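Working notes, beginning with the structure itself.
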Amino acid sequence: FHRGYYVRARAVDHCVQDFLLKTQSCARTQILSLGAGFDSLYFRLKDVGLLSHTVVCEVDFPNVASQKAALIKGIKELSSLVGDAGEELGAIAFSGKDYKLLGVDLSELSKLEKALQEAGLDKEVPTLFLAEVVLTYMENSRSDALIQWAAEHFSQACFVLYEQMHPEDPFGRVMQRHFSQLNSTLHSLAQYPDRETQRRRFLQRGWSECSVMDMNEFFTFCVPEDEQRRVQALEPFDEYEEWHLKCSHYFVLTAAKGMKPSWTPLSPDSFCLAVPCGDGPVSTSEGITASACGMQVEAAALRRYGHHSALIKPNVIFTTGGFGEEDGQHRRMRNFHVLIKHEGCWKAGRVKMENCGKRWDGRLYHTVSPLSNSRALMVGGRTSPSDAALGMLWLKFPESSTALDLQDFTVELVDLQTVTDPAAPRWRHSATEVMFRGEKYLFIYGGRTAAQPVLGSWHFLHAEELSCTVIPVEGPVPEGRHSHSACTWRGGVLIAGGLGAAEQPLGSVFFLRKTERGFQWQTVETRPPLVPRYSHTAHVHEEKLLLVGGVWFHSSSVPGITVIDLMTGLCTDYMISVEHLEWPLMLHNHSSVFLPDEKELLLIGGGGNCFSFGTHFNTEPVSLNLSNVLIGH
């Protein structure tokens, strides 16, 4: 929430101050704020001396304008900034020397024009129009008319628009549902769903220049790096997916006409070359159909995110932790759950827990690594963005590999508090099984801690002794990352994507190759370059690396499944068809399990807090048949 509203205010301030800077040699300029509400822009600019030759005029519904006028009059600090108030006539709710507050319905252009004339606005001086999430609430015909009227009636005009976009992807569907429930339909989205349609909207209505940035681009390229670091360090933070998705669904648009020199505060030529999304993988029209597993009632406990799922026996999937729905509340998940496939159907149930004591803390972003048919090791995780989980746990399962009765499935937690391990207090890391000189290790890589927002370190954790062993690793060290994927391949580890130190998605793929002396880092070249992403899952099938879902800044689509041919480096992108699902399928903070014999990919959980629009959990596990994707492999 804090970051989301910060970047909105920062974008508007950036454009306003650029306008004031570029027009400082003019004798007079104007700012016309449409649907201003209770915005404090005028008072902030006036307080720092930026309105020496600028008049600010705000417009909103009459009842809003009258309430704001009363507030200004009743607060000494505000009224003193405005100075002596003039006469209030007609639509003018408040009038100062350089501040006008008008009560007018924006959809009634004739009344708006009359009120502006009464307020003394000059159509021949440079004028900046502001519309922050305003026009989208109007019927498109009326908002389009307003955009065209502004271009036709003001000889030197600039426009700043801040609104939503991408209504049809999963986040966009949750966003639309939220506003529909408030009876506040976002009208612009149907006709102007993306940046290009919004840009054409202005260019076709009298504006000669128009640039659009989503808020990920704005924060990356228009906010100085030291300010980015300041904001990122303000408070404990671990909601990267929600932050980046919110930013990819809002844009800031600037348009201009008659301005000399031209007004381009977003500098499109400089940022288009730097957007870190690349051209993307080779796309294919072939889609992969998502099918719900058909167990909505019993799968309710699997509605979660930030959890971990592991195949602990053939057709038995064990799921732990995360944040989800439990006992009628949204909370960190206290119970373990199991999915068992029997006679072609998946069944879900709660696991009986023995000796859990106080050691199971309902953690998120941990790993669970099956090290035998009867036990797995849980490493890391967190309970809050400022608190790491308590450490490692052994999970012991029934010895029998034929225990398919959900009622009898139990797990025993073994306390490892006495084990001191520097690899444990981290989260959003990976833990991958490797062999070295006949001994089994977990290669624990990356992640973050409460003190370090990204880690580039790794540890070889001996699977039996649970102690870290120094094994030589050569080659160029990858940059630190978390929320990446890691898979075992050819005795080594494939690392793909992740979020880097600057909170930017990474598109690199590395192979930790086994050598006679130890291991060696090697870069896996992909073509085209892999679109940077994080919060995805990954699996290896023979010579193919499958990347599933995630978050990227390539906002024209959402990630489906990217297949990387490890022999040639060729990337192919497959969209996931969700036409048979009745709910949005969010593929971040999810888990996935690949069953190679059936070529079935099971997606479990996923979702997140969608800004102020509510929390979304995927309703039930989803099955993907990858036979066509992996044909011949």
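The values are calculated or read from the model by the stated rules, or taken from the named source; none is laboratory data. Since the model is a prediction, treat every value here as computed from it, not as a measurement. A quick note on method: Cβ atoms are made from the backbone with ideal geometry, for glycine too, and the neighbour counts reach across all protein chains shown. Ligands, DNA and RNA are excluded from the accessible area calculation, which covers all protein heavy atoms including side chains. Shrake-Rupley method; radii C 1.70, N 1.55, O 1.52, S 1.80 Å.
Does residue 205 qualify as being open to solvent by less than 20 Å² (accessible area, probe 1.4 Å) and modelled with pLDDT of 95 or more?
On the way: open to solvent by less than 20 Å² (accessible area, probe 1.4 Å): no; modelled with pLDDT of 95 or more: yes.
Judged against the criteria, residue 205 is not a match.
Taken over the range 554-586, residues that are closer than 20 Å to residue 214 by Cβ, open to solvent by 20 Å² or more (accessible area, probe 1.4 Å) and among the hydrophobic types (A, V, I, L, M, F, W, C) amount to 1.
Mind telling me which of the residues 57, 26, 15 ends up being assigned to a helix (DSSP H, G or I), open to solvent by less than 50 Å² (accessible area, probe 1.4 Å) and touching a residue at least 12 places away in the same chain (Cβ under 8 Å)?
Details: 57 fails: assigned to a helix (DSSP H, G or I); 26 fails: assigned to a helix (DSSP H, G or I).
Answer to the check: 15.
When restricted to residues that are open to solvent by 20 Å² or more (accessible area, probe 1.4 Å) and either in a helix (DSSP H, G or I) or under 15 Å from residue 89 (Cα atoms) (or both), the range 60-74 contains 9. Of the numbered criteria (1) touching a Lys or Arg at 6+ places or on another chain (Cβ under 9 Å); (2) modelled with pLDDT of 95 or more; (3) not β-branched (Val, Ile, Thr), the one residue 34 fails is (1).
Restricting the range 208-237 to residues that are hydroxyl-bearing (Ser, Thr, Tyr) and outside any loop (DSSP other than H, G, I, E, B) leaves a set whose member that is most open to solvent (accessible area, probe 1.4 Å) is 220.
Hey, among 272, 277, which residue is outside the structural domain of residue 415 (by the TED database) and either modelled with pLDDT of 90 or more or within 23 Å of residue 610 (Cα to Cα) (or both)? Give the derivation first.
On the way: 272 fails: either modelled with pLDDT of 90 or more or within 23 Å of residue 610 (Cα to Cα) (or both).
One residue alone meets the criteria, 277.
Taking the conditions exactly as written (over 21 Å from the mean Cα position of the chain (by Cα) and surrounded by 19 or more Cβ atoms within 10 Å (Cβ to Cβ)), does residue 309 satisfy them or not? Show your work before the answer.
Working: over 21 Å from the mean Cα position of the chain (by Cα): yes; surrounded by 19 or more Cβ atoms within 10 Å (Cβ to Cβ): yes.
Against the criterion (over 21 Å from the mean Cα position of the chain (by Cα) and surrounded by 19 or more Cβ atoms within 10 Å (Cβ to Cβ)), residue 309 qualifies.
Note on the range 151-163: residues that are touching a residue at least 60 places away in the same chain (Cβ under 8 Å) and in a helix (DSSP H, G or I) total 1. Filtering the range 439-482 to residues that are part of a loop (DSSP other than H, G, I, E, B), polar (S, T, N, Q) and closer than 20 Å to residue 514 by Cβ leaves only 457.
Does any residue of the range 602-613 turn out to be without any contact (Cβ under 8 Å) to a residue 12 or more places away in the chain and either surrounded by 20 or more Cβ atoms within 10 Å (Cβ to Cβ) or farther than 16 Å from residue 496 by Cα (or both)? Explain how you work it out, then say what you get.
Quick first cut of the range 602-613, residues without any contact (Cβ under 8 Å) to a residue 12 or more places away in the chain only: none.
No; the residues of the range 602-613 include none that is without any contact (Cβ under 8 Å) to a residue 12 or more places away in the chain and either surrounded by 20 or more Cβ atoms within 10 Å (Cβ to Cβ) or farther than 16 Å from residue 496 by Cα (or both).
Determine whether residue 592 is of a type in the set (S, T, N, Q), within 23 Å of residue 494 (Cβ to Cβ) and open to solvent by less than 20 Å² (accessible area, probe 1.4 Å).
yes
Selection of first residues in the range 84-102 that are in the same structural domain as residue 43 (by the TED database) and within 16 Å of residue 41 (Cα to Cα) and of second residues that are among the charged types (D, E, K, R) and modelled with pLDDT of 95 or more, restricted to Cβ pairs under 6 Å at least 6 apart or on distinct chains, gives the following pairs, ordered by first then second residue: 101/58. I need the full set of residues from the range 314-341 which are within 18 Å of residue 601 (Cβ to Cβ) and open to solvent by less than 10 Å² (accessible area, probe 1.4 Å), in order please. If the condition is that a residue be within 18 Å of residue 601 (Cβ to Cβ) and open to solvent by less than 10 Å² (accessible area, probe 1.4 Å), then 316, 317, 318, 319, 339, 340 are the ones that fit.
Search the range 590-621 for residues being among the β-branched types (Val, Ile, Thr) and modelled with pLDDT under 95, and hand back the single one that is nearest to residue 173 (Cα to Cα). So that I can check it myself, show each step before the final result.
Taking the range 590-621 and keeping what is among the β-branched types (Val, Ile, Thr), we get 593, 604, 615, 619.
Retained after the next criterion (residues that are modelled with pLDDT under 95): 615, 619.
Numbers: 615: 12, 619: 15 Å.
Among them, the one singled out is 615.
Checked against (1) under 32 Å from the mean Cα position of the chain (by Cα); (2) crowded, with 18+ Cβ neighbours inside 10 Å, residue 32 passes all but condition (1).
Annotation: of all residues in the range 515-544 being buried (at least 17 other Cβ atoms within 10 Å of the Cβ) and of a type in the set (D, E, K, R), the one that is farthest from the chain's Cα centre (by Cα) is 544. For the range 103-112, a tally of residues being within 16 Å of residue 93 (Cβ to Cβ), outside any loop (DSSP other than H, G, I, E, B) and touching a residue at least 24 places away in the same chain (Cβ under 8 Å) returns 2.
Just one of the listed residues (163, 196) is modelled with pLDDT of 95 or more, of a type in the set (Asp, Glu) and surrounded by 20 or more Cβ atoms within 10 Å (Cβ to Cβ), namely 163. Would the range 99-114 turn up any residue that is acidic (Asp, Glu), over 40 Å from the mean Cα position of the chain (by Cα) and under 19 Å from residue 156 (Cα atoms)? Yes, the range 99-114 contains at least one residue that is acidic (Asp, Glu), over 40 Å from the mean Cα position of the chain (by Cα) and under 19 Å from residue 156 (Cα atoms). Answer with yes or no whether residue 115 is of a type in the set (Gly, Ala, Ser), over 30 Å from residue 225 (Cα atoms) and in a strand (DSSP E or B). When the stated conditions are applied, residue 115 does not pass them.
Of the residues 235, 241, which single one is more than 26 Å from residue 596 (Cα to Cα) and modelled with pLDDT of 95 or more? Outline the logic, then answer.
Numbers: 235 fails: modelled with pLDDT of 95 or more.
Answer to the check: 241.
For the range 452-467, what are the residues that are in contact with a Phe, Trp or Tyr (Cβ under 7 Å, 6 or more places away or on another chain) and more than 30 Å from residue 239 (Cα to Cα)? Steps first, please.
Going through the range 452-467, the residues in contact with a Phe, Trp or Tyr (Cβ under 7 Å, 6 or more places away or on another chain) turn out to be 458, 460-463.
Across the range 452-467, the qualifying residues are 462, 463.
Take the residues of the range 87-116 that are within 13 Å of residue 69 (Cβ to Cβ) and among the hydroxyl-bearing types (Ser, Thr, Tyr): which is modelled with the highest pLDDT? If we take residues in the range 87-116 being within 13 Å of residue 69 (Cβ to Cβ) and among the hydroxyl-bearing types (Ser, Thr, Tyr), then 99 is modelled with the highest pLDDT.
Scan the range 116-131 for residues that are over 34 Å from the mean Cα position of the chain (by Cα) and either open to solvent by less than 40 Å² (accessible area, probe 1.4 Å) or hydrophobic (A, V, I, L, M, F, W, C) (or both) and jot them down. Let's see the steps before the verdict.
Taking the range 116-131 as the starting set, the residues that turn out to be over 34 Å from the mean Cα position of the chain (by Cα) are 116-127.
Across the range 116-131, the qualifying residues are 116, 119, 120, 121, 125, 126, 127.
Can you find a residue that is free of Cβ contacts under 8 Å to residues at least 24 places away in the same chain, open to solvent by 10 Å² or more (accessible area, probe 1.4 Å) and not aromatic (Phe, Trp, Tyr) anywhere in the range 132-148?
So in the range 132-148, the residues free of Cβ contacts under 8 Å to residues at least 24 places away in the same chain come out as 141.
Subsequent filtering for residues that are open to solvent by 10 Å² or more (accessible area, probe 1.4 Å) retains 141.
Those left that are additionally not aromatic (Phe, Trp, Tyr): 141.
Checked the range 132-148: at least one residue is free of Cβ contacts under 8 Å to residues at least 24 places away in the same chain, open to solvent by 10 Å² or more (accessible area, probe 1.4 Å) and not aromatic (Phe, Trp, Tyr).
Table: residues versus (1) in contact with a His (Cβ under 8 Å, 6 or more places away or on another chain); (2) outside the structural domain of residue 442 (by the TED database); (3) more than 30 Å from residue 242 (Cα to Cα).
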position: 309; (1), (2), (3): no, no, no
position: 314; (1), (2), (3): no, no, yes
position: 319; (1), (2), (3): yes, no, no
position: 323; (1), (2), (3): yes, no, no
position: 371; (1), (2), (3): no, no, yes
position: 377; (1), (2), (3): no, no, no
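Scan the range 177-185 and give yes if some residue there is modelled with pLDDT of 95 or more, open to solvent by 60 Å² or more (accessible area, probe 1.4 Å) and of a type in the set (A, V, I, L, M, F, W, C), otherwise no. For the range 177-185, residues modelled with pLDDT of 95 or more, open to solvent by 60 Å² or more (accessible area, probe 1.4 Å) and of a type in the set (A, V, I, L, M, F, W, C): absent.
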